[in-house]
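Structure, as structure tokens:
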Amino acid sequence: MLLEDFDLDQKFTLERGRVLLTGIQAVVRLPVDQHRADAARGLRTATFISGYQGSPLGTVDLTIERHKALLDAHDVVWVPGVNEELAATAVWGSQEPLLGPLARHDGVVGMWYGKGPGVDRCGDVFKHGNFKGTAPNGGVLVLAGDDPMAKSSTLPTQVEPAFYDAQIPILYPGSMQEVIDLGLHGIALSRYSGLWVAFKVVTTVADGFGIAEVAPDRIVPVDPELEIDGKPWHHVQRPGLVTPLSLEQEKDIVYGRLEAAAAYAAANGLNEISGATGAARLGIAAAGRTFGELRQALSDLGLDDDALHRFGIRLLRIGMVWPLEPGIVRRFAAGLNEILVLDEKRAFIELFVRDILYGRTGVPRVVGKTDELGRRLVPADGELSADRIAAVVADRLRSGVLGGEVGALPVAVEARLALIEAASKAGAAEVARAPYWCSGCPHNRSTAVPEGSFAAAGVGCHAMALWIDDRAQVVHQMGGEGATWIGRAPFTDRTHMFQNVGDGTFFHSASLAVRAAVAAGVDITYKILYNGAVAMTGGQDVAGAIGVPELTQSMAAEGVSRTIVCSDDPDRHAGGGPLAPGAEIWGRDRLEEAQLLLRDTPGVTVLIYDQQCAAEKRRERKRGLRPTPTKRIFINEAVCEGCGDCGAKSHCLSVQPVDTELGTKTRIHQSSCNFDYTCIEGDCPSFIRVKTRPAKTGPAGAKTPPAGAARTMRAQPPADIAEPDRPVPGPDGYGVFMAGVGGTGVVTVSQVLATAALLDGLDILGLDQTGLSQKGGPVVSHLRFFGGVASGANLIGAGDADCYLGLDLLVAADPKNLAKADPERTLAVTSTSKLPTGHMVAHVDETYPEIDGMLAAIDGATRASASIRLDADRMADALLGTAMPANVLALGAAYQAGGIPVSAASIEEAIKLNGVAVAANIAAFRWGRVYVREGADGLVSLAGVAPAATSPEAPAAVPGLGLDSVPAKAKATARALLQESGLAPVPGDGAAALTEMVERRAADLADYQSAALASEYVDFVDAASAREREVMGQRTELAEAVARYLHKLMAYKDEYEVARLHLRPGLHEALRDAVGDYAGYRILLHPPALRALGLKRKISLGPLQRPALAVLKAMRRLRGTPLDLFGYAKVRRVERQLVADYRALMEAELNALTPGTCERAVRLAQLPDVIRGYEDVKLAGVERFHEQVRAVRSPDTRPVALTSKPG
């Protein structure tokens, strides 16, 4: 049943009831709940929040900003920090009465947020602020994002030791409920003790989500009634910090405030004993999220609450990690033989448990990082998942600690351990999907350096230069950019280096590194990547930023030798402030020139690369804050050679390789294109600039249609689709595991399902694992649905997935993800869409793996007989005019296949509540259901789309541009040639595919130039086929290779051919199919003749110039004759010679063909595939071809691999 009057803001506004929150949202709700609680007690309090964004707390500030009106109403003041240290100092100020008395409030709560490295950075501030203590009715909560798996950090982190050093109590929530409950306790604890209180939020909690109970009276702090030295405890904030006052503060902390903190924890039950209540032998202690993983591990091993009582296993959930409450530890230890302490990372709680129990009689043995014999036990690396904990618990059970036979375990436990062991040994993916820059990202260009230069990365998205073409070699901590060069430069012969630094990092702290480099007198160029947003954590504004003109002045004041600004729009700063003397603004096309100049300039130089973050531009377009450009780029695939030069130039994920009848081509993925246009710099005449018609404006305030939304939905899906048998979650929950790509909406699907679960009255635990992976890398989401109260971990363990939703084939086929599936249990729904990796875009030799092999791997790990496969990307594009809802379409298929335990009505309501592309997403969900219900044929019939839209095996041809568009006369010529050859089809001979291939290519050659050329082609392939049959029987591999690549070489793309292909009548249909309605187009060319005269840019041919193309097309009959003026160019002479060389090569191989040499002959026949592109790009490919031929024909010579796209 749907909840009435439900909206997504209830996670913040609902005062009593059940709310669905992420960890970040729960954190942001805290000051609102605290304000309400204080108001109920008659207090008017405010909250001051400051910090610095960084995963896993990277979106705290964005969430605050999106709900600013609500927070303003509850007296919450948020000031973004320029860096963590200054933000912490500002929070300290909220507790400092000497700065001025409160004018309108009874107290101010201070909240700081930052990630692990920020905690390290703030050590001195934390110590000072904590010594000074909190103000009456105030309190300080320090939100520390801990990233134990370094998902978005350079190093794995553990924050407890830093807070211990600062003598700050540490609370550790493990769920959304505990974030709210312990958060309110943390503020009360801070007020009571006078101490700042740390709040450790790990990645799986921050990125996790679940349902929490909220109520104004849920947390009512209990006064511990503590007495110290015979007097009731009451914190009094002392003025000053210098000696001797600081020594008094130290005494107050050690002998007062920390004792008060422990007393508060005891009185308010922050730590809790569960499990065996009477006699027990084994005790297991864990904190926060680790405790949830422990309960999951025990459940997986068959140890439910009854079993814990039966076997005598006692548990201690620790909410306050330090100071550890002595009383509960002693009660927990009473009667036990052994205590197992589960610390994540290095030992921490374990040390204090031992300290509390040391010297007492009858205490149990304490094991943790090592067992009683000093052997490794609890892992100190990575994070403690339920599967890792299960292995540790099993080790203790085998030890006989419960009194059973040493080494004996129940069969079910051994089976679970075997499954975990197998999962831990899962191999690497055949092709791993790595994070990559977004389509149109400025870093695609800005991080490139001149040949022979050395560059270092820094913190930010641009750090991906470390693994993208090795554009950078080293990385530093945030703010240290370039400072390592100061220590190395005196001792190396290298004379210069480039240092990348993002604008967020620069204004955070790296500006000091520039000052240090100037002071040291080293030769270095700082490349300040000025993108206007902290894109890594959601696109926040850069705190403390100044404009580009002002930045040039700042750098001049620091003493840099020279500053150059390279901008995508140099005119943008025309009306701004003056540049520093000597500073210049150039277009981004002069980046190479600027870097060479600065590299040769002594001293510290600065290059400011000025271009807005592409992801932020896209967000602004979605919000209606930026118009969608009407200029789009289209690649005529008939002209395209698939050389990849456009991908090498742009590194853009929207420039995608696609398999066609004539080999690999390149296509612009219009739905994800970000309008950067760098791709057109590829040395290729296939680009067409299309002017689309502006989208019709809707009501005032309506959002601009997003990129890729120009095309329209083909048909509306039926609304009355028969319901499937939905699964019902059992006591252990129902697991849905999703594997996809960052930036494609995986998290959106996850949140839609979570909202639907709330609407259906189910409980849920979930986690969206993103981190840096949101940038085109692998993203996985875990969802566990419960009919009752959720329990255990929000991670799906080995073999625990009931539904495996593969939204990207590469990520879904990763063995580490497949370990979540079980062949007897898991239903797999997999999209077969071939979304290339960034490496495939930039490197022509990196091809997509065979789909059949990946699908076989998925089938082997899941219930193969029930699996569903669909090309979601192609289907969404055909049905909806955009590929963006592809994941929702796959969700619809999974629902109809009986893999989703929530109702369709709730899913559609959740889509409406999400408010983004509602009509398209609901239609996508329904079309996915129709596909499973009616099959591909039914979908084609209902939607009125071409059958190819639903078939993963169908060629990805663009209508009107393939060989089908060859004129009928040329087709008839080819048909006649085939009938006269030995290639004429004979029923039952098995060579029909070869015959069709040759006929289609012969027709193309007839139109390309003449019937005589087509005849030469058919005759040669006929001879090759006859010789292959003579030696190899019915095999056709060699003849097919010759047919394919001889055509490729004979139909070389000169000026005449480019004109012919651009004038194909199907081009208009192809343009309309790609971008929707359009007003006109211009063909972008860089003619070799004009290039030779010095023209450096492409020219554009519009309607008035197209008659010139028609003339060129008509002149194609002159090709190869003395009147062929273009034929005298070097590249044309090479192309003609290639045909002769290839024929001679194949003739030699065919004459000497034996069963033993056939494989070599096929390899040689296929080698022209490396010859791609135009002009210099093609000539480089020709050289590689000859090298490869020599290598194959000379076994002692190693083949030359095509390792990167020419550029």
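Only helices (runs of 4 or more DSSP H) whose full extent lies in the range 843-926 are considered here, and the ones with at least 1 residues that are surrounded by fewer than 24 Cβ atoms within 10 Å (Cβ to Cβ) and in contact (Cβ under 8 Å) with a residue 40 or more places away in the chain are 851-861, 872-880, 904-914.
Among the conditions (1) among the hydrophobic types (A, V, I, L, M, F, W, C); (2) modelled with pLDDT of 95 or more; (3) within 30 Å of PRO56 (Cα to Cα), the only one that ILE546 does not satisfy is (2). Summed over the range 1121-1135, residues that are in contact (Cβ under 8 Å) with a residue 40 or more places away in the chain and surrounded by 16 or more Cβ atoms within 10 Å (Cβ to Cβ) total 7. Restricting the search to helices (runs of 4 or more DSSP H) fully inside the range 308-425 and requiring at least 3 residues that are in the same structural domain as ALA287 (by TED's automatic domain parsing) and within 30 Å of GLU824 (Cα to Cα) gives 386-398, 411-424.
Here is a yes/no grid of residues against (1) in contact with a His (Cβ under 8 Å, 6 or more places away or on another chain); (2) modelled with pLDDT of 90 or more; (3) part of a loop (DSSP other than H, G, I, E, B):
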site: GLY698; (1), (2), (3): no, no, yes
site: THR704; (1), (2), (3): no, no, yes
site: THR712; (1), (2), (3): no, no, yes
site: ILE721; (1), (2), (3): no, yes, yes
site: PRO724; (1), (2), (3): no, yes, yes
site: VAL749; (1), (2), (3): no, yes, no
site: VAL752; (1), (2), (3): no, yes, no
site: LEU767; (1), (2), (3): yes, yes, no
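Evaluation of TYR677 against the conditions (1) on the phi < 0 side of the Ramachandran plot; (2) at pLDDT 90 or above shows that the sole unmet condition is (1). Within the range 108-118, the presence of a residue that is surrounded by fewer than 19 Cβ atoms within 10 Å (Cβ to Cβ) and assigned by TED's automatic domain parsing to the domain that holds THR203 is excluded. Listed conditions (1) within 21 Å of ARG346 (Cβ to Cβ); (2) part of a loop (DSSP other than H, G, I, E, B) are all met by TYR164, apart from (2). Does ALA1041 meet the test of being more than 24 Å from GLY642 (Cβ to Cβ), surrounded by fewer than 23 Cβ atoms within 10 Å (Cβ to Cβ) and outside the structural domain of GLU661 (by TED's automatic domain parsing)? Spelling it out, it is not the case that ALA1041 is more than 24 Å from GLY642 (Cβ to Cβ), surrounded by fewer than 23 Cβ atoms within 10 Å (Cβ to Cβ) and outside the structural domain of GLU661 (by TED's automatic domain parsing).
Take ASP676 and decide whether it is over 30 Å from ARG66 (Cα atoms) and either in the same structural domain as TYR848 (by TED's automatic domain parsing) or touching a residue at least 12 places away in the same chain (Cβ under 8 Å) (or both). In short, no.
Determine if the range 606-618 includes at least one residue that is more than 18 Å from ALA533 (Cβ to Cβ), touching a Pro at 6+ places or on another chain (Cβ under 9 Å) and not in a helix (DSSP H, G or I). No, the range 606-618 contains no residue that is more than 18 Å from ALA533 (Cβ to Cβ), touching a Pro at 6+ places or on another chain (Cβ under 9 Å) and not in a helix (DSSP H, G or I).
Per this entry, ALA73 is counted among residues that are of a type outside the set (Lys, Arg), more than 25 Å from VAL205 (Cβ to Cβ), exposed (fewer than 14 other Cβ atoms within 10 Å of the Cβ) and assigned by TED's automatic domain parsing to the domain that holds LEU182. Among residues of the range 55-66 that are within 11 Å of GLN25 (Cα to Cα), those with a Cβ under 7 angstrom from a residue that is crowded, with 23+ Cβ neighbours inside 10 Å and basic (Lys, Arg), sequence gap 6+ or separate chain, pair up as LEU57/LYS115.
Residue-wise test of (1) among the hydroxyl-bearing types (Ser, Thr, Tyr); (2) touching a residue at least 60 places away in the same chain (Cβ under 8 Å); (3) in the same structural domain as GLY174 (by TED's automatic domain parsing); (4) more than 26 Å from CYS652 (Cβ to Cβ).
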residue	(1), (2), (3), (4)
THR744	yes, yes, no, no
ALA756	no, yes, no, yes
ILE764	no, yes, no, yes
GLY776	no, yes, no, no
SER791	yes, yes, no, yes
LEU795	no, yes, no, yes
GLY799	no, yes, no, yes
GLY806	no, yes, no, no
PRO815	no, yes, no, yes
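Evaluate the following for THR134: is it in contact with a His (Cβ under 9 Å, 6 or more places away or on another chain), buried (at least 24 other Cβ atoms within 10 Å of the Cβ) and assigned to a loop (DSSP other than H, G, I, E, B)? Yes, satisfied. The single condition among (1) touching a residue at least 60 places away in the same chain (Cβ under 8 Å); (2) surrounded by fewer than 24 Cβ atoms within 10 Å (Cβ to Cβ); (3) not in a loop (DSSP other than H, G, I, E, B) that ARG238 does not meet is (3).
Residue-by-condition table, conditions (1) of a type in the set (D, E, K, R); (2) modelled with pLDDT under 95; (3) buried (at least 21 other Cβ atoms within 10 Å of the Cβ):
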| residue | (1), (2), (3) |
| --- | --- |
| THR563 | no, no, yes |
| PRO570 | no, yes, no |
| GLY575 | no, yes, no |
| ASP589 | yes, yes, no |
| GLU593 | yes, no, no |
| LEU598 | no, no, yes |
| THR605 | no, no, yes |
| TYR609 | no, no, yes |
| ARG623 | yes, yes, no |
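Helices (runs of 4 or more DSSP H) fully within the range 961-1062 that include at least 3 residues being of a type in the set (Ser, Thr, Tyr): 1011-1032. Residues of the range 625-635 that are surrounded by fewer than 24 Cβ atoms within 10 Å (Cβ to Cβ) and either assigned to a strand (DSSP E or B) or not polar (S, T, N, Q) (or both): LEU625, ARG626, PRO627, PRO629, LYS631, ILE633, PHE634.
Going residue by residue through the range 524-531, is there one that turns out to be in the same structural domain as HIS462 (by TED's automatic domain parsing), charged (D, E, K, R), more than 30 Å from the chain's Cα centre (by Cα) and not in a helix (DSSP H, G or I)? Looking through the range 524-531, none of the residues is in the same structural domain as HIS462 (by TED's automatic domain parsing), charged (D, E, K, R), more than 30 Å from the chain's Cα centre (by Cα) and not in a helix (DSSP H, G or I). For the range 441-479, taking the residues that are among the small types (Gly, Ala, Ser) and either outside the structural domain of GLY502 (by TED's automatic domain parsing) or over 20 Å from the mean Cα position of the chain (by Cα) (or both), the one that is nearest to ALA842 (Cα to Cα) is identified as ALA448. Within the range 166-181, the set of residues being in contact with a helix residue (DSSP H, G or I) (Cβ under 9 Å, 6 or more places away or on another chain) and within 26 Å of ALA790 (Cβ to Cβ) comprises ILE170, LEU171, TYR172, PRO173, GLY174, SER175, MET176, GLN177, GLU178, VAL179, ILE180.
Just one of the listed residues (GLY960, GLY944) is touching an Asp or Glu at 6+ places or on another chain (Cβ under 6 Å), at pLDDT below 90, more than 24 Å from GLY898 (Cα to Cα) and small (Gly, Ala, Ser), and it is GLY960.
When the range 328-386 is filtered for residues that are within 35 Å of the chain's Cα centre (by Cα) and surrounded by fewer than 13 Cβ atoms within 10 Å (Cβ to Cβ), the ones remaining, listed by number, are ARG376, ASP381.
The values are calculated or read from the model by the stated rules, or taken from the named source; none is laboratory data. Predicted model only: the values in this text are computed from it and were never measured. In this analysis, Cβ positions are derived from the backbone assuming ideal geometry, glycine residues included, and neighbour counts consider all displayed protein chains.
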